[in-house]
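The values are calculated or read from the model by the stated rules, or taken from the named source; none is laboratory data. All values derive from a computational prediction rather than experimental measurement. Quick reminder, even Gly has a Cβ in these numbers, built from the backbone with ideal geometry, and neighbours come from all protein chains shown.
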Amino acid sequence: MHLSTDYLVVGAGLSGLAFADSLITHDPEAELVVVDRRTQPGGHWADVYPFVRLHSPSAYYGVDSMPLGSNRIDVDGPNAGLYERATATELQTYFADVVEKLAATGRVRVLLGHENLDDGHLRDLATGEVHELEVRRRVVDAGYLEVSVPATHTPSFDIADDASFVPVHLLGDHVESSSYTVLGAGKTGVDAVLWLLDHDVDPERIRWVRPREAWFMDRARFQPLDLAVDSLEGFAADAHAGATAKDQDDLLGLLEDAGRLTRLDPTIPATMWRGAMLNDHELQRARTVTDVVRLGRVRRLERDRIVLDQGEVPTGGALHIDCTAHGLRNAPPTPIFADGRIVLQQVRHKTPPYNAALLGFVEAKRDDDETKNRLCPPNHYTVGVDEWARTVARTWRTEGSWRTEPDLQAWVAGTRLNLLASLPQHLGSERAQQALARYVGHVGDAVANLERIAAGS
């Protein structure tokens, strides 16, 4: 079979689908083929642990043209007072609906269970059949920052054959253990702890191996729609901290005091920041687990002991739960637009669907790669808190360069993927006016000061 298309999008996960959705919306002539090795769309959402939810609200996740959820504020449960967050099952259904919607345009063909051979051919992984593919314009790499999840990653430590071990996505099959040890300090580790607590496991039966402490963001300050002023106040606090901080330590202190960053143990310096969100309910519950091992990374798991960088501890017969997958790949930034190729990366920090849709808009509306790369410089994916200053400054400097791009500004204001899209409806309130004045008054100085701090760190 011979195929011909304007764009080949390699990856039918969130970024690939959000880019495709945006591109065909703003370029009415474009034709796309989207290919993915998986047999269902949604990328890593096809492989996640069953009890995972979005850590951010559904209202600004997904693709631009199709809402996710019902924009409902939860009235009870651990997320009460905040906008709903989709479950893994809801997201899997959503991405299947997105693919159906794209295919219905007649301009997008999604080939699941296929791989791109990088030589003008695709292979059907079920039959082995190879198809010729002519790409008239660009290949779009939607997997450059491909997510690593527990179900698909290989642990970085050795595991003895007789060790009691389970990846987190299979935790539900092992709930009868007498005790548990959670391996991993990030959001997945928190989710595993909360799942155990929700299933009536006493905190004293849980040990938590945390090689380093992580900073988390307060989900209550990243809310859309009717709660957008709360988010604006949060960004104003960021700008104030960025403009006034003397150095890296002072910056972190100001952000923690303002509630922008939080950590499980305030007495232990936190060095990891991947942008994960918790609310106060989750934070307080996770803190009930007090048996925390801080001896570095796990090197080997045996039946009766855990060997770590800085020592070892007995297993005590516990079931060990692997929560050590890294999330987004820490790949070096590379120009997004190049001859015959687009490499999807973040422009605004920590907002993957927004970034992918933004790049689809810019590809459709600008003619030359020099302009496109000027408007959309890649913003490095962060793992350490020392990178907060650099990545936030890069976001604000980039967004500042859009002031002379009215169509781009209009897209930003109108996309449902923009956390603050509803803000104009609330600017009549005194709270909003005060927050806006505080943000505008500090953001210019913050960019320069954060760049200075980033250079020093």
Search the stretch 163-178 for residues being more than 17 Å from R274 (Cβ to Cβ) and touching a strand residue (DSSP E or B) at 6+ places or on another chain (Cβ under 7 Å), and hand back the single one that is surrounded by the fewest Cβ atoms within 10 Å (Cβ to Cβ). H174
Among the residues of the stretch 75-105 satisfying the criterion of being touching a Lys or Arg at 6+ places or on another chain (Cβ under 8 Å) and of a type in the set (S, T, N, Q), which is surrounded by the fewest Cβ atoms within 10 Å (Cβ to Cβ)? T87
Among residues belonging to the stretch 422-457 that are among the hydroxyl-bearing types (S, T, Y) and not in a helix (DSSP H, G or I), point out the one that is nearest to A243 (Cα to Cα). S457
Going by the structure shown, is W402 touching a helix residue (DSSP H, G or I) at 6+ places or on another chain (Cβ under 9 Å), under 20 Å from A258 (Cβ atoms) and aromatic (F, W, Y)? no
Restricting the stretch 159-178 to residues that are within 22 Å of R53 (Cα to Cα) and touching a His at 6+ places or on another chain (Cβ under 8 Å), the one modelled with the lowest pLDDT turns out to be V175
Just one of (1) without any contact (Cβ under 8 Å) to a residue 12 or more places away in the chain; (2) under 24 Å from R287 (Cα atoms); (3) within 23 Å of the chain's Cα centre (by Cα) trips up T154, so point out which. (2)
Which condition number does H44 fail, the rest of (1) part of a helix (DSSP H, G or I); (2) over 25 Å from A192 (Cα atoms) being met? (2)
Would you tally the residues in the stretch 314-329 being over 17 Å from M272 (Cβ atoms), outside any loop (DSSP other than H, G, I, E, B) and touching a residue at least 24 places away in the same chain (Cβ under 8 Å)? 4
Is it the case that the stretch 179-189 has a residue that's in contact with a His (Cβ under 9 Å, 6 or more places away or on another chain), within 19 Å of P78 (Cβ to Cβ) and not small (G, A, S)? yes
Please state which of the following conditions D118 fails to meet, knowing it meets all the rest: (1) among the charged types (D, E, K, R); (2) assigned to a strand (DSSP E or B); (3) closer than 24 Å to Q346 by Cα. (2)
Any residue at all in the stretch 142-158 that is among the charged types (D, E, K, R), in a strand (DSSP E or B) and surrounded by 13 or more Cβ atoms within 10 Å (Cβ to Cβ)? no
Within the stretch 257-280, the count of residues that are hydrophobic (A, V, I, L, M, F, W, C), in a strand (DSSP E or B) and over 15 Å from the mean Cα position of the chain (by Cα) comes to 2
Can you tell me which residue is nearest to H55 (Cα to Cα) among those in the stretch 274-292 that are surrounded by fewer than 17 Cβ atoms within 10 Å (Cβ to Cβ) and of a type in the set (D, E)? D280
Find the residue count for the stretch 113-141, including only residues that are crowded, with 18+ Cβ neighbours inside 10 Å, more than 23 Å from P28 (Cβ to Cβ) and aliphatic (A, V, I, L, M). 1
For residues that are within 25 Å of A220 (Cα to Cα) and of a type in the set (A, V, I, L, M, F, W, C), scanning just the stretch 19-55, find the one that is surrounded by the fewest Cβ atoms within 10 Å (Cβ to Cβ). F51
Those residues of the stretch 353-372 which are among the basic types (K, R) and in contact (Cβ under 8 Å) with a residue 24 or more places away in the chain, in sequence order: K365, K372
Sole exception among (1) buried (at least 21 other Cβ atoms within 10 Å of the Cβ); (2) without any contact (Cβ under 8 Å) to a residue 12 or more places away in the chain for V229, by number: (2)
Return a yes/no flag: does the stretch 68-77 have any residue that is among the β-branched types (V, I, T) and more than 20 Å from H169 (Cα to Cα). yes
Failed criterion for S58 (all others in (1) under 23 Å from R219 (Cβ atoms); (2) without any contact (Cβ under 8 Å) to a residue 40 or more places away in the chain; (3) among the small types (G, A, S); (4) surrounded by fewer than 23 Cβ atoms within 10 Å (Cβ to Cβ) hold): (4)
Answer yes if at least one residue in the stretch 335-349 is in a strand (DSSP E or B), modelled with pLDDT under 95 and closer than 21 Å to A389 by Cβ, and no otherwise. no
Candidates A228, A237, A243, filtered to the one that is more than 24 Å from the chain's Cα centre (by Cα) and assigned to a helix (DSSP H, G or I): A243
State which residue is nearest to the chain's Cα centre (by Cα) when the search covers only the stretch 191-225 and only residues that are in a helix (DSSP H, G or I) and within 21 Å of T351 (Cα to Cα). R219
Could you list, in sequence order, the residues of the stretch 376-405 that are over 18 Å from G444 (Cα atoms) and part of a helix (DSSP H, G or I)? V385, D386, E387
